[in-house]
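Structure first, then comments.
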Amino acid sequence: MIYSRLFILAILSCTACASILLVDSNITYNDRIAAFGPRLLGGVEDGPGLQGNLLPPILEKDRYGCEVIEPPTTEWIAFVERGECSFIDKVRAMQASGALAVVVGDRHFNGWITMYAPGDTSDVRVPSVFVAQHQYQILLMLTDKQHPLRIELLKDDMLTWPLLDMLLVVVLSPAVMMLSIYITWRLRQRQFRKQELAPSDIVTKLPLRTFRREKSIDVDHEECAICLEDYIDEDTLRTLPCRHEFHAGCVDAWLTSHKKFCPICKYDICKRAPGGSNEQTPLLGA
Ligand SMILES: [Zn+2]
Ligand SMILES: [Zn+2]
């Protein structure tokens, strides 16, 4: 179950997978679409993606994209560095600076994240993507203050919705089947266990007597076979239909929570008392 859940999470997180196409060289680099802002539509099915000129802010101090600046080029896709302010702050600042889209790169770590923003982000009109350290460094080398890099932001076609649906079905069906098998097995176990025990209303209707040594008729059974203690005067004993006697407390617990059979002769105490009737057995009457 845990594995299938992780797999579903992995698939769902990969719906944020997208790519950056370098228009001149036709090379693509992976990126991740942010959880906020408009979706990217480009791809084999959707036609062309969002094209623009990738360029970092001209001044070094603006490289994080936290402040509104003059757009350094036309059809600008802002290329900013992770850090200093939140992702949503960068995207808002770059949107206000005239960027068509925002590419955020990680200078220090090569891990992938999906950029997330709390609260209302309905004001965000430009898409934004994240690139890990490796992609960030390559793209940074390719961009030049005088010559921006022509790129196209694409949605990844590898995982489109029908495929995702299919994967979910393939993963979920066995998981649901396993869960139903497990629930059925547990229910059967419980039912089986219940059948092994005596209902307390049948047990409490079995006759009781108070033990007195001088009146003892059966010298062989002067100890309780469950707790192995000798009976002492005034002990309350429960007599089973098979005539075996035990401490009432001991045998009641045995029959209702362990087994419905006499601990000595394995007599089924429910056998002669269908539906909890309190009829006396021929043995007791003898
Ligand atoms: Zn006992
Ligand atoms: Zn018995």
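Here are the numbers for this structure:
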item	result
Verdict on A93 being part of a helix (DSSP H, G or I) and surrounded by 20 or more Cβ atoms within 10 Å (Cβ to Cβ)	yes
Which listed residue, of D144, D106, is over 21 Å from R39 (Cβ atoms), acidic (D, E) and open to solvent by less than 40 Å² (accessible area, probe 1.4 Å)	D106
Boolean, L100 is open to solvent by 30 Å² or more (accessible area, probe 1.4 Å), within 16 Å of A34 (Cα to Cα) and more than 33 Å from the chain's Cα centre (by Cα)	yes
Filter result for T121 (in a loop (DSSP other than H, G, I, E, B), closer than 16 Å to A35 by Cα and of a type in the set (V, I, T))	yes
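The values are calculated or read from the model by the stated rules, or taken from the named source; none is laboratory data. What you are looking at is a predicted structure, and each value in this text was computed from that prediction instead of being measured. Positions of Cβ are backbone-derived with ideal geometry, glycine not excepted, and every protein chain shown enters the neighbour counts. Please note that ligands, DNA and RNA were not included when accessible areas were found on the heavy atoms of the full protein model with its side chains. Shrake-Rupley method; radii C 1.70, N 1.55, O 1.52, S 1.80 Å.
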